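No value in this document is a laboratory result; all are computed from the given coordinates. As the structure is a computational prediction, the values presented were derived from the model and not from experiment. Positions of Cβ are generated from backbone atoms using ideal geometry, with glycine treated the same way; all protein chains shown enter the neighbour counts.
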Amino acid sequence: MDLTGAVWRKSTRSDNGGSTCVEVATNLPGLVGVRDSKDRQGPVLIFPPAAWANFARATAAGSLGPAR
């Protein structure tokens, strides 16, 4: 998948300088990319925009349980 046109932005929930840094690209048609900002050449998770929107809403609402 060609992500060369992706415009990455750091999540506002990321830990500044810590170990939980996430970047998201939402400018590509039909997909949302998510990557670790400390490993920009590493793997990218790809989501359909509707699935990402649902995840973001659930996260903001606090309806996702704690990590186990």
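Net length available on complete extension from D39 to D2 is 11.6 nm, with 0.36 nm assigned per residue and the Cα-Cα distance removed. Normalised by 2.2 N^0.38 Å, with N the number of residues, the alpha-carbon radius of gyration of region 8-60 equals 1.12. Each Lys and Arg Cβ is given +1 and each Asp and Glu Cβ -1; about its Cα centre, the chain then shows a dipole of about 180 debye.
Answer with one residue from L64, T4, V32: the one whose Cα lies farthest towards the positive end of the charge dipole of the chain, charges on Cβ with Lys, Arg +1 and Asp, Glu -1. With unit charges placed on the Cβ atoms, the residue in question is L64.
Using C-alpha pairs below 8 Å separated by at least 6 residues, the relative contact order for the chain is 20 percent.
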